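Bear in mind these aren't lab numbers, they're just calculated from the coordinates by the rules spelled out. This one's a predicted model, so the numbers in the text were calculated from it and none came from an experiment. Glycine also receives a Cβ, built like all others from the backbone with ideal geometry; neighbour counts cover every protein chain displayed.
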Amino acid sequence: MSTTNLFAELIVIGTGAITWVMLLILSIFGYQWVPLERLFSISALVPILSSVYVLGIIFDRISDTVFEKWWGDGLRRVWFKEKKQYHNARLRILFRSERLWNLLEYGRSRLRICRGWALNSVLIAISINIFVWTRLYEQPFAMTLSVSGTLAMLLLALSSWYAWRKLTLTEYRKIQEQLTLLPDSSSEEQTKDPL
């Protein structure tokens, strides 16, 4: 995976994280103090993008831990009995076929984005409600915003979780299939020209 792809992946995950973090901050301190004209200026872009990137890194690791603990082992055992088998299979693909490894990494990138957004969406749903009921509760649209925002984010969370699950199972299956396409190291050594 190229550095640009990894950067973009972390920006996508970080965008969700900064959304719920900002909603919580606005719930605590209000929103009247936010200078909107400066917030969307070019000079604000670098610090905002940096914050999004850092939150993307942090939240990718958090979501990886949560998903691995709750669902990861069970899904992996469908194709690999031990975690070591899975890691050895990935290493074999990495060292023997750059093309297959790149395809695997593309799938992992989508998997990480779905995993991050599954968790982000739940936290956005919670923070929308905190924001609405601490700052907008007197507005006539408060209930509509709360209900529609919650439903939309929970639907996105469920969809992202489902996509992550399918992508994870597909990754394990593809690794098993790709292993059969790779030459066995012992047979490869036997066919080498001794000269």
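List of remarks:
- Relative to the longest principal axis of the Cα atoms of the chain, the long axis of helix 3-29 lies at roughly 30 degrees.
- Among the lysines of the chain, pairs at least eight places apart or on separate chains and with Cα atoms under 30 Å apart come to 14.
- Here the chain is treated with +1 on each Lys and Arg Cβ and -1 on each Asp and Glu Cβ, and its dipole about the Cα centre works out to around 400 debye.
- The orientation-averaged shadow of the Cα convex hull for region 55-96, equal to a quarter of the hull surface, comes to 3.6 nm².
- Helix 42-67 and the longest principal axis of the Cα set of the chain meet at an angle near 60°.
- Rg/Rh (Cα only; Kirkwood hydrodynamic radius) as it applies to the chain: 1.13
- Where trypsin sites (Lys or Arg not before Pro) in DSSP loops with at most 11 other Cβ within 10 Å are excluded, longest remaining stretch of the chain: 82-191
- Using just its DSSP H runs of length 4 or more, each adding -39500 (n - 2.57), the chain gives a mean residue ellipticity at 222 nm of -28000 deg cm²/dmol after division by all residues.
- Selection from Ser50, Trp33, Ile62, by position along the positive dipole direction of region 25-73 (Cβ): Trp33
- Restriction of the chymotrypsin sites (Phe, Trp or Tyr not before Pro) in region 1-48 to DSSP coil positions whose beta-carbon has at most 14 other beta-carbons within 10 angstrom yields Tyr31, Trp33, Phe40.
- Cleavage-rule hits (GluC sites (Glu not before Pro)) in region 127-180: DSSP loop, at most 12 neighbouring Cβ within 10 angstrom: Glu138
- Length-normalised contact order of region 96-166 in % [C-alpha pairs under 8 Å, at least 6 apart]: 48 percent
- Near Glu9, once Lys and Arg are set to +1 and Asp and Glu to -1 for all other residues with Cβ below 14 Å from its Cβ, the sum equals +2.
- Each distinct pair of alpha carbons in region 126-169 adds a 1/r term; the inverse of their mean, the Kirkwood radius, is 11.6 Å.
- Of the chymotrypsin sites (Phe, Trp or Tyr not before Pro) in region 121-178, those whose Cβ has at most 12 other Cβ within 10 Å and which sit in DSSP loop: Tyr137, Phe141
- Entry note, the chain: relative contact order of 31 percent, from Cα contacts under 8 Å with a spacing of 6+ residues.
- Given R0 = 30 Å, the distance between the Cβ atoms of Glu98 and Thr65 translates into a calculated FRET efficiency of 0.55.
- Selection from Ile124, Gly74, Val147 lying farthest towards where the dipole of region 70-150 points positive, charges on Cβ: Gly74
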